[in-house]
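The values are calculated or read from the model by the stated rules, or taken from the named source; none is laboratory data. The shown structure was predicted, so the numbers you read here are calculated from the model rather than taken from an experiment. So basically every Cβ, Gly included, is an ideal-geometry build from the backbone, and we count neighbours across all protein chains shown. What goes into the accessible areas is simple: the full protein's heavy atoms, side chains included, and nothing from ligands, DNA or RNA. Shrake-Rupley method; radii C 1.70, N 1.55, O 1.52, S 1.80 Å.
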Amino acid sequence: MTEDLQRRFAEERYLADEGLLTAVHLALSLGRPLILEGEPGVGKTELAKVLARTQNRELIRLQCYEGLDAAQALYEWDHPKQLLAIRSCEAEGRPVGDLYADAYLMERPLLRALRTPCVLLIDEIDRADSEFEAFLLEFLSDFQITIPELGTIAAVEPPIVVLTSNRTRELHDALKRRCLYHWIAFPEAERERAIIDARVPGLADEAAASLVAAVTGVRALKLIKPPGIAETIDWAQAAKLLTGEGAPWPLALRRSLGLLLKEAEDTDVVLEHAEALGL
Ligand SMILES: Nc1ncnc2c1ncn2[C@@H]1O[C@H](COP(=O)(O)OP(=O)(O)OP(=O)(O)O)[C@@H](O)[C@H]1O
Ligand SMILES: [Mg+2]
């Protein structure tokens with residue numbers, strides 16, 4: 001069941017735990033959208049990218065933001081192009097043809113996702129307004145839209161949908177009900193180590209072990225922004241670079257803390273515990 005997914009993800013250097021693999025497996029088998037929530041940098045967006053590659057589908061991404069409305073997500077008419085067509089027809093004395101034809105339609109991610117077999121990533125849905133979420137609910141339930149001038153367009157193949165949220169606000173129950181929900185937690189040390197090995201080849205064994213132990217310890221402290229996997233990878237790369245240039249271990253780790261922590265207060269807290277963390 002999930003072994004095959006796990007292997008294909010690992011080939012893309014994405015190491016997922018059993019919980020996430022099962023969620024993906026079920027979402028694919030049941031044809032349900034998958035909502036992924038979790039702290040920044042735990043691999044929500046990356047999962048959609050990897051899924052698209054392993055399913056041999058195009059990745060179509062809708063990045064959400066405050067004020068995003070249905071038109072920006074679906075389609076817009078290319079008014080300048082329509083105007084140009086009118087002008088040139090008038091100049092040449094030709095009749096103006098159909099101005100609401102496909103040639104003047106600018107596809108936005110959701111329309112494109114109906115016309116192409118794809119993985120549709122609706123990224124950071126919590127940033128969009130709740131009206132947009134309501135609209136999305138409709139879109140996700142029938143995978144079709146009606147363009148007044150063109151008629152109804154149904155999906156050539158239902159897209160595989162991944163929604164992500166950083167939980168800056170709660171998502172509507174109605175949306176969650178339609179989807180499969182999975183919380184991506186920080187990885188356990190063993191998996192994080194495997195991720196470091198896959199993503200930062202050439203880092204010495206001992207260095208990787210102490211780095212992963214330090215990250216686990218750092219996350220247990222009360223920080224404003226606990227580091228995600230992305231930050232661990234960056235930190236490992238920086239520490240590898242500095243040791244390559246001759247900085248002794250663990251000084252290299254301490255010097256490159258700026259890649260792990262992004263708040264001055266957090267750095268202070270970590271430095272207070274430097275010894276216990278092996279830094
Ligand atoms: N399970 C994993 N295996 C391998 N690499 C991972 C994994 N999870 C995350 N990463 C690495 O961390 C990086 C950041 O992950 P990603 O951008 O998906 O985080 P995110 O959860 O979407 O964060 P944000 O909420 O800030 O958007 C990825 O590009 C990838 O290099
Ligand atoms: Mg993301």
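Here are the numbers for the structure shown:
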| quantity | calculated |
| --- | --- |
| Relative contact order of the stretch 104-204, defined on C-alpha pairs under 8 angstrom at six or more residues apart (%) | 33 |
| Counted charge near TYR181, where neighbours are those whose Cβ lies closer than 14 Å (Asp, Glu -1; Lys, Arg +1) | +2 |
| Helix-only mean residue ellipticity at 222 nm for the chain, each DSSP H run of n ≥ 4 adding -39500 (n - 2.57), per residue, nearest 500 | -14500 deg cm²/dmol |
| Geometric extent, Cα atoms of the stretch 189-277 - Rg, Dmax (angstrom) | 11.9, 33 |
| Percent of alpha-carbon pairs separated by more than 33 Å within the chain | 38 |
| Rounded to the nearest 20 debye, dipole of the stretch 189-277 from Cβ charges on Lys, Arg, Asp, Glu | 180 |
| Long pairs among LYS44/LYS225; LYS49/LYS240; LYS176/LYS262, criterion Cα-Cα beyond 23 Å | LYS49/LYS240; LYS176/LYS262 |
| Amide hydrogen neighbours beyond the local backbone of LEU163, cut-off 5 Å, H modeled | LEU34, ILE35, LEU36, ILE122 |
| Cubic angstrom per residue, convex hull over Cα atoms of the stretch 81-167 | 118 |
| GluC sites (Glu not before Pro) within the stretch 115-151: DSSP coil, no more than 15 neighbouring Cβ in 10 Å | GLU149 |
| Sparse-neighbour loop sites [trypsin sites (Lys or Arg not before Pro); the stretch 194-248; at most 14 other C-beta within 10 Å; DSSP] | LYS222 |
| Dipole in debye (nearest 20) - the stretch 52-189, about Cα centre, beta carbon charges: Lys, Arg +1; Asp, Glu -1 | 380 |
| Spatial separation of Cα centroids for the stretch 223-279 and the stretch 32-110, in angstrom | 40 |
| Selection from LEU120, ALA73, GLY38, by position along the positive dipole direction of the stretch 28-152 (Cβ) | LEU120 |
| Computed over the chain: relative contact order in percent, which uses C-alpha pairs under 8 Å that are six or more apart | 22 |
| Amide H contacts under 5 Å for ARG61, placed H, 5+ residues apart | LEU121 |
| Projected-area mean, the stretch 1-112, by convex hull of Cα positions, square nanometres | 10.2 |
| SER88 - accessible surface, heavy atoms, 1.4 Å probe, Å² rounded to 10 | 50 |
| Selection of GluC sites (Glu not before Pro), the stretch 216-279, meeting DSSP coil and at most 14 other Cβ within 10 Å | GLU245, GLU263 |
